[in-house]
Amino acid sequence: MANLGYMQLVRHCNQYCRICSNPETPYVLDFETACREIDDFAARDYEGVILTGGEPSLSEIVPQVVRYALGKGLSVRMITNGSRLADGELADRYIEAGLKHFHVSLYSSRAEVHDAITGVKGSFELACKAIDNLGARGAAVNLNSVINRFNCDHLDELARMIVRRFPFVDHVVINNLDPSMGRAETNREVLHRLADMEVSLTLALRILAAAGKTFRVERVPLCYMAEFAWASTETRKIIKREERMIHFLDEKGTVRQTSFRHHKAPVCEVCSLDSICAGLFEMGHGYEAAELAPLFVDKDAIVRRVTGSSPDARGP
């Protein structure tokens, strides 16, 4: 198992993403509390910690947190919008502290779409500069994207851009929109139908696979990614019986997640992948049961690929 813990350093941000599911709070994590949370991850034998927010680069304690976590034997990653890491000096500070793995958010290959989603003109160019900065410094750079109404028809364009412009990026995470809270709950125009993304998502994953990239997809039911069911984050955690823990900076506090199953529709009962499919996240809140359909494919082949017992298994 490769359990990872998530730790929110701040909940404020320097962007105003219309798709954000983390509403802003005034809370900021102090170093003493951060050390206790890291100690807890280490005691649970977690593989690593992911620094998140808000925008975690707005925290003043990033280098200290990184050094402390590394000293406890944990790997450290950061999820960031990249805007501050367009500054090479900050990138150097983080890398010198030992933070050498970054997930940078990029929502579209079209600058105007990315900027409209983040609410900040020029954010696309800042993110691209950050990716280049980190890659030039030898850091591991992954890209994160969130499927929404404004990019769901051209995810394949984003995949082509990643392959062409950022050949050093070897891993991509694509999340389906969480419509249940934060700005995404208020800005309902960002919500898409699952059918609107199906073709584009499949093409994007084919492009990434052909280029030798690894990838994961979150909150997408398997009936919309049957060709790449093995790449579903939830499916992999269900099969591997993994968990994750998130230390939130709001009323949720600490959440230990051991179940990765969402809502199911009656048609799911006859699907051959029902036992390894998470189902539909927030069904009824933004997505509808009528969007689900059963599949009749070989479940065991997917399990073998996830567990590494298949010769074409890819990555952890």
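The values are calculated or read from the model by the stated rules, or taken from the named source; none is laboratory data. All values derive from a computational prediction rather than experimental measurement. So basically every Cβ, Gly included, is an ideal-geometry build from the backbone, and we count neighbours across all protein chains shown.
Okay, residues lined up against (1) among the charged types (D, E, K, R); (2) closer than 27 Å to F31 by Cα:
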position	(1), (2)
R77	yes, yes
G82	no, yes
I95	no, yes
L106	no, no
G119	no, no
L126	no, no
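Taking the options R206, R164, R149, R236, name whichever one is outside any loop (DSSP other than H, G, I, E, B), of a type outside the set (G, A, S) and in contact with a helix residue (DSSP H, G or I) (Cβ under 6 Å, 6 or more places away or on another chain).
It is R236.
Against the condition in a loop (DSSP other than H, G, I, E, B) and either over 30 Å from E32 (Cα atoms) or of a type in the set (A, V, I, L, M) (or both), how does A278 come out, does it pass?
yes
Which one of these does A301 not meet: (1) surrounded by fewer than 19 Cβ atoms within 10 Å (Cβ to Cβ); (2) closer than 27 Å to R149 by Cβ; (3) in contact with a helix residue (DSSP H, G or I) (Cβ under 9 Å, 6 or more places away or on another chain); (4) hydrophobic (A, V, I, L, M, F, W, C)?
In the conditions (1) surrounded by fewer than 19 Cβ atoms within 10 Å (Cβ to Cβ); (2) closer than 27 Å to R149 by Cβ; (3) in contact with a helix residue (DSSP H, G or I) (Cβ under 9 Å, 6 or more places away or on another chain); (4) hydrophobic (A, V, I, L, M, F, W, C), A301 misses (2) alone.
Can you name every residue in segment 1-54 that is among the hydroxyl-bearing types (S, T, Y), out of contact with any helix residue (DSSP H, G or I) (no Cβ under 9 Å at 6 or more places or on another chain) and closer than 29 Å to H192 by Cβ?
Y6, T25, T52
Step by step: first the residues of segment 120-146, then only those that are small (G, A, S) and either modelled with pLDDT under 95 or assigned to a strand (DSSP E or B) (or both), then the one that is nearest to H192 (Cα to Cα). Which residue is that?
So, considering only residues that are small (G, A, S) and either modelled with pLDDT under 95 or assigned to a strand (DSSP E or B) (or both), the one nearest to H192 (Cα to Cα) is S145.
Given the criteria in contact with a helix residue (DSSP H, G or I) (Cβ under 6 Å, 6 or more places away or on another chain) and not aliphatic (A, V, I, L, M), does H247 qualify?
Yes.
Results for (1) part of a loop (DSSP other than H, G, I, E, B); (2) touching a residue at least 60 places away in the same chain (Cβ under 8 Å); (3) within 21 Å of L106 (Cβ to Cβ), shown as yes or no for each residue.
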| position | (1), (2), (3) |
| --- | --- |
| Y6 | no, yes, yes |
| C13 | yes, yes, yes |
| C17 | yes, yes, yes |
| C20 | yes, yes, yes |
| P23 | yes, yes, no |
| T33 | no, no, no |
| E37 | no, yes, no |
| A42 | no, no, no |
| Y46 | yes, yes, no |
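Within segment 1-42, how many residues turn out to be acidic (D, E), surrounded by 18 or more Cβ atoms within 10 Å (Cβ to Cβ) and farther than 15 Å from K72 by Cα?
Summing the residues that are acidic (D, E), surrounded by 18 or more Cβ atoms within 10 Å (Cβ to Cβ) and farther than 15 Å from K72 by Cα in segment 1-42 gives 0.
Among the residues of segment 248-267, count how many are of a type outside the set (A, V, I, L, M, F, W, C), more than 17 Å from the chain's Cα centre (by Cα) and not in a loop (DSSP other than H, G, I, E, B).
4
Listed here are the residues, each with its yes/no results for (1) under 22 Å from N14 (Cα atoms); (2) buried (at least 23 other Cβ atoms within 10 Å of the Cβ); (3) of a type outside the set (A, V, I, L, M, F, W, C).
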residue: L70; (1), (2), (3): no, no, no
residue: R77; (1), (2), (3): yes, no, yes
residue: D92; (1), (2), (3): yes, no, yes
residue: G98; (1), (2), (3): no, no, yes
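Read through the list (1) of a type in the set (G, A, S); (2) assigned to a loop (DSSP other than H, G, I, E, B); (3) under 21 Å from L194 (Cβ atoms), then give the number of the only condition that G212 fails.
(3)
Considering segment 172-198 alone, what residues qualify as being of a type in the set (D, E), farther than 23 Å from M161 by Cα and surrounded by fewer than 20 Cβ atoms within 10 Å (Cβ to Cβ)?
E185, E189
Suppose we keep only residues that are of a type in the set (S, T, N, Q) and surrounded by 11 or more Cβ atoms within 10 Å (Cβ to Cβ) within segment 237-260. Which one would you say is modelled with the lowest pLDDT?
Selected residue: Q257.
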